[in-house]
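Scroll down for the structure; my scribbles are underneath it.
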Amino acid sequence: MSGPEGTADRAAIVARRNDILAETATRETPRIMITFVVLVALFDGIGVANGHEHSLPATMADVILACYLIAVAVLIRNRDFPARLSPTLFASSVVVALVSLCFEYAIEPDSNTLGIIAVMLAACGPLILMWRPFIIAMAAMAAVTVYTVVAFTPYRMTGWILTVFMAIGMSAVLLYGRWRSATLLATATMTIEALATRDPLTGVLNRHGLDVAGPTITALAARRDEAVFAVFVDIVGLKVVNDSHGHASGDLVIQRTSRAIESVSRGSDVVVRWGGDEFIVVGIGPQPDPRVYEGRIAEALDLTDLEGAWDGSVSIGTASTTRGDLTALIHAADKAMYENRSHVGKGIAPATPAVHQRHS
């Protein structure tokens with residue numbers, strides 16, 4: 001999709017993907033760090049059992065690293081910790097772990113430590129999950145590793161520098177795979193949500209969609225100390241159109257009415273298909289005049305291909321409240337719509353209903 005709507009959709013997908021990745025990082029990284037601590041302890045234990053002496057500085061480095069990783073794992077698991085910061089904090093922890101390993105290698109140069117570093121570099125990309133912290137962490141780790149190898153075992157320099165950059169490349173490929181999967185998951189999730197909350201014929205929200213959006217509307221109105229209004233729109237004569245001209249014409253009437261309602265509504269208003277021939281507009285602010293609103297819809301209606309089938313008649317009812325009870329509000333707007341229709345049928349001008357008193 002191109003244009004502003006496509007841009008908005010892409011932005012929404014990116015935001016949802018980032019949320020998914022942040023939540024995944026919050027769930028996965030504490031376990032990964034604890035597992036790493038266990039593996040380091042196991043590795044050291046096996047070394048001691050095989051007669052390999054572990055120097056005191058190297059042992060202290062392992063202990064400090066273990067305490068640091070456990071503390072970070074506990075912090076990320078904390079409910080109050082922002083999930084979006086989890087990838088960055090985990091990337092920082094990986095850098096700290098690598099610096100610790102490079103310190104041990106400087107004390108006791110052996111290929112086993114460099115092997116662990118290479119595995120870390122290859123594996124951390126799909127675990128960090130986000131590109132920016134990944135790139136920063138990789139740059140830092142590559143610099144530290146290359147410096148360590150060049151400074152303390154220059155005879156291994158060429159082979160291990162090549163290994164480092166191959167590991168980083170592999171890590172980037174694995175990260176792209178998870179990143180791409182998260183993007184597809186975000187797209188699928190948003191599509192499923194749209195199918196569950198939107199009317200397939202018109203594209204506006206359905207009743208379930210209003211259930212989802214309603215609490216946000218009422219909470220925002222309460223913060224602003226403003227009323228919530230509802231406009232109940234009923235298509236007049238839809239059954240006659242269906243019976244006389246077929247359901248294809250009836251569907252066209254519904255679609256044209258939906259578009260007209262959307263065109264006269266504000267961007268912050270929520271348009272809902274309430275039933276077969278009924279729509280509701282919910283918004284924040286002063287209650288619209290039903291006669292003015294009905295006139296604006298009539299002006300916006302496109303009756304092309306509907307001549308002789310439908311005359312563009314709709315009935316309007318409005319109501320407002322500050323109580324935040326959308327069910328009662330919609331019922332009041334529905335009642336006002338029928339009252340207005342009754343007045344029109346008797347030749348009486350519709351009056352703005354009085355179902356909008358403010359409550360403290």
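Throughout, read-outs are computed from the coordinates displayed, never taken from laboratory work. A quick note: this is a predicted structure, and the numbers were derived from the prediction, not measured. We place every Cβ from the backbone using ideal geometry, glycine too, and count neighbours over all the protein chains shown.
Under the 0.36 nm per residue contour assumption, what length would be gained going from the current alpha-carbon distance of Ile192 and Leu56 to full extension? Can you show the working numbers first?
On the way: separation 136, 0.36 × 136 = 48.96 nm, distance 5.69 nm.
Working it through step by step, the gained length comes to 43.3 nm.
Going by average Cβ neighbours within 10 Å, how do the peptides 274-283, 131-140 rank, with the highest at the top?
Working: 274-283: 20.2, 131-140: 17.8.
Ranking, from highest mean packing down: 274-283, 131-140.
For the pair the stretch 95-130 and the stretch 58-90, the centres of their Cα atoms are 17 angstrom apart. Length gained on full extension, Thr216 to Asp251, computed as 0.36 nm times the residue gap minus the Cα-Cα distance: 9.5 nm.
If you take the beta carbon distance between His331 and Arg77 as r and set R0 to 45 Å, what does 1/(1 + (r/R0)^6) give as a FRET efficiency, to the nearest 0.05?
Details: r = 46 Å, r/R0 = 1.01.
In this case the efficiency is close to 0.50.
Extending 7 Å from Cα along the Cβ direction at Val146 and again at Arg266 yields two label points whose distance is 5.7 nm. The distance linking the stretch 253-284 with the stretch 135-195 is 48 Å (Cα centroid to Cα centroid, whole angstrom). Helical content alone sets the calculated 222 nm signal of the chain at -24000 deg cm²/dmol, taking -39,500 (n - 2.57) per DSSP H segment of four or more residues and averaging over every residue.
Among 64-77, 326-339, what's the highest-first ranking by average C-beta atoms within 10 angstrom per residue?
Numbers: 64-77: 16.7, 326-339: 19.1.
So the peptides 64-77, 326-339, ranked by packing, come out 326-339, 64-77.
According to the Cα-based calculation, Rg over Rh for the stretch 86-217 is 1.29, with Rh computed by the Kirkwood formula. Between Asp19 and Met157, the modelled label-to-label distance comes to 5.1 nm, taking each label 7 Å out from Cα in the direction of the beta carbon. Taking packing as the residue-averaged number of other Cβ atoms within 10 angstrom, the listed peptides 288-297, 82-91 run from highest to lowest as 82-91, 288-297. Quotient of the Cα radius of gyration of the chain and 2.2 N^0.38 Å, N being its number of residues: 1.54. Evaluate the distance, in nm, between pseudo-label points positioned 7 Å from the Cα of Met170 and of Asp302 along their respective Cα→Cβ axes. Going by the 7 Å Cα→Cβ label model, 5.7 nm.
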